[in-house]
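K.L.:
I'd like to ask you about the structure that follows.
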C-alpha cells in the first residue's frame, strides 16, 4: 500500500520524497515533468487538468502532501493551482478509506492586511489571516477546502521558499 502521495514533486516535494524514501516509506510523486526521482514512483500529471488525475483514483495513500507551485503570479494561475487543483486532487481521494492525513503547503502570504500584521511582531496560527493580495486570498481559500475533510489535516504556512526561477522576493530586497 502507498503510504504517501506528494502532489507537486518539484523542489520542495522532491526533497520531502527523497527523505521519505531514505526512511523506507513507499512514496508516489505527482509532477508535471517526467523527471525521475530515485526510489519514487512518478505520475506525470497536471492538477489543472482533471483528466490527467485519473490515475490517482486507484491510489490509496495514507497521507497526501499537496505542495504545488503556481505557474505565474496572476490570480487565475493561483486559483488554478491552489484552489481548483487541490479540489480536484481531493476529489480523487473521496472514497479512500485509508487516507489519514492531508498536508497543504501554504504560505505566510495569507497574512498582511491588518495593522498588527504590518509590524515586526511575531505571528502564529492563532492570528487571523487577512490576506493583502490575490495570492494570499487564493491560498486561504484553498486552506478552507480542508475543513470538509473527514481525515486529519495540517496547513503549513511556509515563508521564503526560493528556487530556480523563484527569486522575486530576493530581487525586491
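The values are calculated or read from the model by the stated rules, or taken from the named source; none is laboratory data. Quick caveat: nothing in here was measured; it's all calculated off a predicted structure. As a convention, Cβ positions derive from the backbone with ideal geometry for all residues, glycine included, and neighbour counts pool all protein chains shown.
K.L.:
Of the residues that sit in the range 117-139 and are part of a loop (DSSP other than H, G, I, E, B) and modelled with pLDDT under 85, which one is surrounded by the fewest Cβ atoms within 10 Å (Cβ to Cβ)?
P.N.:
120
K.L.:
Just checking, does the range 32-42 include any residue being assigned to a loop (DSSP other than H, G, I, E, B), surrounded by fewer than 17 Cβ atoms within 10 Å (Cβ to Cβ) and in contact with a helix residue (DSSP H, G or I) (Cβ under 6 Å, 6 or more places away or on another chain)?
P.N.:
Yes, the range 32-42 contains at least one residue that is assigned to a loop (DSSP other than H, G, I, E, B), surrounded by fewer than 17 Cβ atoms within 10 Å (Cβ to Cβ) and in contact with a helix residue (DSSP H, G or I) (Cβ under 6 Å, 6 or more places away or on another chain).
K.L.:
Can I ask one more? Looking only at residues that are modelled with pLDDT of 95 or more and not in a strand (DSSP E or B) in the range 63-73, which one is surrounded by the fewest Cβ atoms within 10 Å (Cβ to Cβ)?
P.N.:
Going through the qualifying residues, I end up with 67.
K.L.:
From 29, 13, 85, grab the single residue that is crowded, with 18+ Cβ neighbours inside 10 Å and assigned to a strand (DSSP E or B).
P.N.:
After ruling out the rest, the residue left standing is 29.
K.L.:
Then there's this: Among the listed residues 80, 91, identify the single one that is outside any loop (DSSP other than H, G, I, E, B), at pLDDT 95 or above and surrounded by fewer than 19 Cβ atoms within 10 Å (Cβ to Cβ).
P.N.:
Exactly one of 80, 91 is outside any loop (DSSP other than H, G, I, E, B), at pLDDT 95 or above and surrounded by fewer than 19 Cβ atoms within 10 Å (Cβ to Cβ), namely 91.
K.L.:
Here is a further query. State which residue is farthest from residue 76 (Cα to Cα) when the search covers only the range 140-173 and only residues that are in a strand (DSSP E or B) and modelled with pLDDT of 85 or more.
P.N.:
The extreme case among them is 152.
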